[in-house]
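Structure first, then comments.
Derivation of every value follows stated rules applied to the coordinates shown; laboratory data play no part. Here the structure is a predicted model, which is why all the values come from computation and not from measurement. Note: ideal-geometry Cβ built from the backbone for every residue, glycine included; neighbour counts use all protein chains shown.
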Amino acid sequence: MSGPIDIVFVFASFHHREALELAIADIRRTLAPKTIIGMTTESVVGCDLELEGVAGLSALAMQLPGISIKTWTTTPKHPVPLSRPEEIPGWIGLQDDTKAVFIFADPFSTPITRLLPALVNCRGEDNLLPVIGGMASGASQAKYNRLFLDDQAIRSGGIGLTLSGPLELDCIVSQGCRPIGEHYRVTKVDGNVVLELGGKPALDVLRDLATSVGAKERDFLQGGLLLGGVIDENKNYFGRGDFLVRSILGIDRKRKGIAAGEFYRLGKTVQFHVRDAQTAVEDLQLLLDAQQLGVQPFAGLLVTCNGRGRSLFHEEDYDLTIIRERLGEVPIAGFFAAGEIGPIGGRSFLHGHTACLTLFRPENAS
């Protein structure tokens, strides 16, 4: 690699919490990047390895000629002006040719459920801004995560960068789920508790589903049932990839309701989903099919859930192995997150149990 380095992403497992500042200083001194961004995580991803539960550091250095990089932070003392949305484009350095915003944030101090929609919508509903990133997973309590942006070191809030110019970014989000049973309209709801589906008590609908499927499907239901809400209600057919999938948090037996990890409005189309290793593999493979039609990416950033990896596949390096088989020797770095951020159906959401892979290509490459 010759010429100046424009950006370096750095992710370090929590084992390196106290030494990460020194490591970043060494990287800055050695590579002299224009921008360096990084944080602590539970585990890291790099090259061909998913280093789960062991000490590790992963870095990705890129040259991005012609690309404008605007860095910014959001902290409890200096937050993005959510109450003044007209100021957000200036805050994050939005340009006419902005391709995406990356954000990495501490989950204990960042109002991500408010911040993320504000970023996504900052240039209008007809031109949604792709937002990509993830939540720091290197600590189980506030103030213990470490986030670094150039010469800034913070323990709360988030760090971000805005990329503009001749760059093509493709972010695929593999939820690893598949719909089961039929889809229903939400006909009665109280907060996040879905009380009726299609005019029937939600718990009765779930019981009917459990008795109508085969033994294998019942095993999947017992292993973890989820509920997906349709992203685009205007579609005539809903299949895998058309739903934003959320966990089921519990059962309200008295009211025969289901507590979901989402607030669904009346009339929302939902469907139960199951997650298993085979479905996760199929989902990622399908998403990579389309990526093989394009030119070879020059870099990749993988943000995956700390609920995937060995705990889902019972093997090491599973997601990375699939990506390598399909895309070849693309330099990849990343981490296991406490929440992944990426687009589904044209709008970016905060996810769980997903693998979000961002691929970098020159714009209009042939």
| note | Within the under-10-Å Cβ sphere about residue 75, not counting residue 75, Lys/Arg +1 and Asp/Glu -1 give a net charge of +1
| task | Treating cross-link reach as a plain straight distance, find the lysines whose alpha-carbon is under 29 Å from the alpha-carbon of residue 70, omitting any fewer than eight places away in the same chain. | result | 34, 99, 143
| message | Could you compute the net charge surrounding residue 59? Neighbours are other residues with a C-beta less than 13 Å from the C-beta of residue 59; K and R count +1, D and E count -1. | response | 0
| Over the Cα atoms of region 1-139, what Rg and Dmax result, in angstrom? | 16.3, 44
| Which ordering of 39, 62, 135 is given by a fewest-first count of other beta-carbon atoms within 10 Å? | 62, 135, 39
| message | Restricting things to Cα coordinates, could you compute the convex hull volume per residue of region 177-275 in Å³? | response | 90 Å³
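Based only on other Cβ atoms within 10 Å, what is the fewest-to-most ordering of 177, 171? Spell out each step's value before the answer.
Numbers: 177 23, 171 19.
Sorted ascending by nearby Cβ count, the order is 171, 177.
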| Directionally averaged projected area (convex hull, Cα atoms, region 76-140), nm² | 4.8 nm²
| remark: Karplus-derived 3J(HN,Hα) from phi for region 59-72 (6.51 cos²θ - 1.76 cosθ + 1.60, θ = phi - 60°), whole Hz, x at Gly and Pro, runs 9, 9, 9, 9, 9, 10, x, x, 8, 8, 10, 10, 9, 7
| Built amide H within the under 5 Å cut-off of residue 337, gap 5+ | 304, 305, 306
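What does the convex hull of the Cα atoms come to per residue for the chain, in Å³?
Output value, Cα hull per residue: 149 Å³.
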| query | In the P(r) worked out for region 229-300, what percent of Cα pairs fall beyond 20 Å? | reply | 50 percent
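Mind sorting 7, 258, 248 by how few other Cβ atoms lie within 10 Å of their own Cβ, fewest first?
Final ranking by Cβ density, sparse to dense: 248, 7, 258.
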| Karplus-derived HN-Hα couplings along region 356-364 (A = 6.51, B = -1.76, C = 1.60, θ = phi - 60°), whole Hz, x at Gly and Pro | 10, 10, 9, 10, 9, 9, x, 5, 6
| task | Could you go through region 174-189 in sequence order and give the Karplus-derived ³J(HN,Hα) for each residue, using 6.51 cos²θ - 1.76 cosθ + 1.60 with θ = phi - 60°, rounded to whole Hz, and x for Gly and Pro? | result | 9, 7, x, 10, 9, x, 9, x, 9, 9, 9, 8, 6, 10, 7, 8
| message | Treating only the Cα positions of region 129-199 as identical point scatterers, give the base-10 log of I(q)/I(0) from the Debye formula at each q in 0.18 Å⁻¹. | response | -0.93
